[in-house]
Every structure is written in structure tokens, then in C-alpha cells.
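Since every read-out is calculated from the coordinates, none of them should be taken as a lab result. Here the structure is a predicted model, which means the values were calculated and not measured. Heads up, the Cβs are rebuilt from the backbone with ideal geometry, glycines too, and the neighbour counts pull from every protein chain shown.
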Amino acid sequence: MANPLSAVSSIFGNLFASKGPESVLGVDIGSSSIKVVQLRRKSGVPVLETYGELALGPYGNLEIGRATNLTAEQIAKALNDVMREANVTATGAAFSIPFSSSLISLLELPQVSPAQLAQMIPLEARKYIPVAMNEVTLDWFVIPVEEARYLSTEKEKEGTARKVSVLLVAIHNDTLAKYRDIIKATKLSSSFFEIEIFSAARAALEQGIAPVMVLDLGAATTKLYVVEYGIVRVSHIINRGGQDVTLALSRTLGVSVSKAEQMKREMGVVPGNDASKGVSETALLSLEYIFSEANRSLLNYERRFNKNISKVVLVGGGAVMKGLLEVSKKHFETEVVLGNPFAKVEAPAFLENVLRQAGPEFSVATGLALRKLSELG
């Protein structure tokens, strides 16, 4: 196996020397890399202490950038490595759960007592969950009336005056067991798990009423979801990601996967000389399907709910590809921006540009750390 530490991202920061118990860690285990963000609170403000990323490919004898399916033991080793390299000192952590290992539905149920609702939801969940109920763990959140008011058109409200909106979440028990095994193999403790899309939304979005689409470009898949008044209204997985761009470059240009990944990172989709033009054109062909699917979902949402998407926010590792923001603006008839989760934390001014560029990739980990920090009061 290749030396996994050679795959450690160069964007590490050991920004502060504090080792107080108030430090918390957000851990985002993706398909191709692990990201960690450590925060502490200073005078009521979240402060960035350190952050880091490590590629998982080498732990499964694959190239950097490739999606993996590692065991809990392999992931725990990678997590311990990235924490050591990033000088992580926190022991209290929060972990993200992959969107692909979960199911999210927005239910409309009769307005009954909390006790009756708790009995009703597991029965109603059977209509939406395609596996046996004993294979998943359920959680739900009753959306307050004020927020729910913004989730319906006037036409919808006429028939739902005596109903409540409930956000239902189901997570595979096998996934939870795997993550518990990972935690046992580290020095960390975790008070909660959170589906990655909620973490990314917390870090990358501002509070607002207008619907916003988040496009999370991962290695194996691209997740998209529409957040309206802080609530995930619809969500969808596109089975293409950054890995597909790399493999297309490898096939088209006749280079190794490792070389193709390097070319993608260095050149992106910015046209230039003959060499970069070939990379750009091939990458754009692979991205076309993702943008087409995302735009179709956007238009379907707008037609279904008679509301316009106010903005598209790009997050995930694929979002940092050179030139991607400019290309994406040509595919959506609305504002498109890069997520900037580090804008919600305090950090040295000289790192502002570095953190802005790296930010989209650390949205989930930052969102987890922010929620964990809120537990401290």
C-alpha cells in the first residue's frame, strides 16, 4: 500500500495552541477523503483551531481521488492519521452520516398530541421506507407552525389547516454500527450523528425564507437538496461525481488515473493552451450530466411549489475545481455561489483567501463542529 500520509492535503492549519476542554471536532467521512474541523468558543464566537483532509484511496490500494468502500478498521486508521497530522486535541466529536445511507421525507400528519404523534409516525414511516423497520433507526422533527407556514403555497394551505409538518429521518442500523466501531478505535467520543446534508446547510447557508438549492459535488455522487426556511424540502442523489471526471480524463487522454486526477486538480475546467483545453473539454462533458440533472430538479421544484430558487450554493470537493463556478453559472438561471463555511468562524486574517478556497470542501465538517459547539451552551 502506498504511504497514506503522502495523500494528506497540504491545507492543514495548526492555528492556535489552545487545548481547552471546550474544543470540539467535526468529522466528515466521505467516499474519497476524511475532513476534520476543530473549533472552540472564545467570547461567544466560534474560533477555528485546526482543520485537515486526508485521501482514503491509498487505504484501499486505490488512487487518490477514487471513491472507496473501506472497513471500519481502515477508516479508523485514516481518521487517527489525519487527526495526528492536523494536531487535533479535541476529544468531543460529531460525525456525519452519508446521505446515501439514509432516507428523508417531509410528512403531513393530523394535528394530534405529541404522544399520539409518536405512535403514528413509525406506522406512517412504513409507507416511505423500502426496507424492514427493524433495519433502520428513526428520528423526526415537528416543524414549528411559523416555519411550516413558509413551506406551503396558498393552495396547499387550504387543505392542511389542521395538519402538522414532520421531517422524518431514517438511518440504516448497519451504518450506525460501523460508525460506532470507528469511534471505538479512536480517542473520540460522539454525542450525535447527523446526516451530511443538514451539516452542510448549517455551515454554508444563511437564515432566510427564500428557497436555496445546495449542490454537493462528491467523488462518487452529487447530492442536491432545496432548503426553505431552514427546512430540507426536497433532496436527490445524482450518481455522478468528481471521480467520473477523473476516469473520463484517463480514458480520453490515455493517461493513468493518478495522472488524470493531478491534471484535473491543476487545470480544472479553465480553457487555455492545447493541453489544458483537452482537459477542460473532457471534464465539461462529464459535468454536463450533473448540471443537466441538477437544473431539471431545480425547474421541477419551481413548477411543483410555484416558487423560484433564489440561489444555488456549491459545496463538496468537486466545488473547488478550477473554473467550475464560472461554468455552473451558465447552467442555472439564478445566482450561483461557492459555500464559505469558514466565514462563520473566527480565523487569522492572513488565512482568509486560503480558507475561502478550501471552504466548500469543509462545509459538512464545519457544520458538525458548529452544532457540537452549541451543545456546550
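Taking the simple approach of a point 7 Å from Cα along Cα-to-Cβ for both E108 and K187, what is their distance in nm?
The answer from the label model is 5.2 nm.
Please sort through the DSSP H helices of the chain and keep those with an alpha-carbon extent of at least 30 Å along the long axis and a Kyte-Doolittle average not below -1.0. Show your work: numbers first, answer last.
Values: long enough: 274-305 (45 Å, -0.34).
Passing helices, by number: 274-305.
For the chain, what proportion of DSSP beta bridges, expressed in % and rounded to the nearest 5, is antiparallel? Before the final figure, lay out the partial values.
Working: 48 of 67 bridges.
The antiparallel fraction comes to roughly 70 percent.
So what J values fall out for region 190-195 if you push phi through Karplus, 6.51 cos²θ - 1.76 cosθ + 1.60 with θ = phi - 60°, rounded to Hz, Gly and Pro as x?
9, 8, 7, 10, 9, 4
So how far, in whole Å, is the C-alpha centre of region 339-370 from the one of region 39-117?
So the two Cα centres are separated by 16 Å.
Using amide H atoms built in the peptide plane, which far-off residues or other-chain residues are under 5 Å from V336 H to H?
V312
Would you please report the Å³ per residue occupied by the convex hull of the alpha carbon atoms in the chain?
Per-residue hull volume (Cα only) is 147 Å³.
Calculate, in nm to one decimal, what S374 and F141 gain on full extension: separation in residues at 0.36 nm each, minus their alpha carbon distance. Could the numbers behind the result be given before it?
Values: separation 233, 0.36 × 233 = 83.88 nm, distance 1.82 nm.
Length difference between fully extended and current span is 82.1 nm.
Net charge around F362, counting only other residues with Cβ within less than 10 Å of its Cβ (Lys, Arg = +1; Asp, Glu = -1)? Before the final figure, lay out the partial values.
On the way: positive: K35; negative: D28, E53, E361.
That sum, taken over residues with Cβ under 10 Å, equals -2.
Based on the mean of other beta carbon atoms within 10 Å per residue, what is the order of 118-126, 182-190, most packed first?
Answer by packing, highest mean first, reads 182-190, 118-126.
If you take the Cα Rg of region 237-335 and divide it by 2.2 N^0.38 Å, with N the number of residues, what do you get?
Rounded to two decimals, the normalised Rg is 1.16.
Among V354, V45, V315, rank each residue by its count of other Cβ atoms within 10 Å, from fewest to most, as a rough exposure measure.
Working: V354 14, V45 10, V315 31.
Least crowded to most crowded, the residues run V45, V354, V315.
Which pairs, out of K322/K372; K35/K344; K42/K344; K223/K259; K35/K187, put more than 20 Å between their alpha-carbon atoms? Display every interim value, and only then the final one.
On the way: K322/K372 32 Å; K35/K344 17 Å; K42/K344 13 Å; K223/K259 26 Å; K35/K187 17 Å.
Correct reply: K322/K372; K223/K259.
Could you list K42, K344 so that the one with the fewest beta carbons within 10 Å of its beta carbon is first and the one with the most is last? Don't skip to the end; give the middle numbers.
Numbers: K42 13, K344 18.
Ordered by Cβ neighbours within 10 Å, fewest first: K42, K344.
Please list the non-local residues whose amide H lies under 5 Å from the amide H of R240, H modeled 1.01 Å from N, same-chain partners needing a gap of 5 or more.
T222
Using +1 on the beta carbon of Lys and Arg, -1 on that of Asp and Glu, and nothing else charged, what's the dipole of region 233-334 about the Cα centre, debye to 20?
On the way: 15 positive and 10 negative charges, 77 e Å.
Rounded to the nearest 20 debye, it is 360 debye.
For a quick check: with amide H placed at 1.01 Å from N, whose amide H comes under 5 Å from R41's, ignoring anything fewer than 5 positions away on the same chain?
Sorted by chain and number, the residues that satisfy this are V47.
Among S33, S235, S199, which one shows the highest mean-square fluctuation when the chain is modelled as a Gaussian network with alpha-carbon springs under 10 Å?
Maximum among the listed residues: S235.
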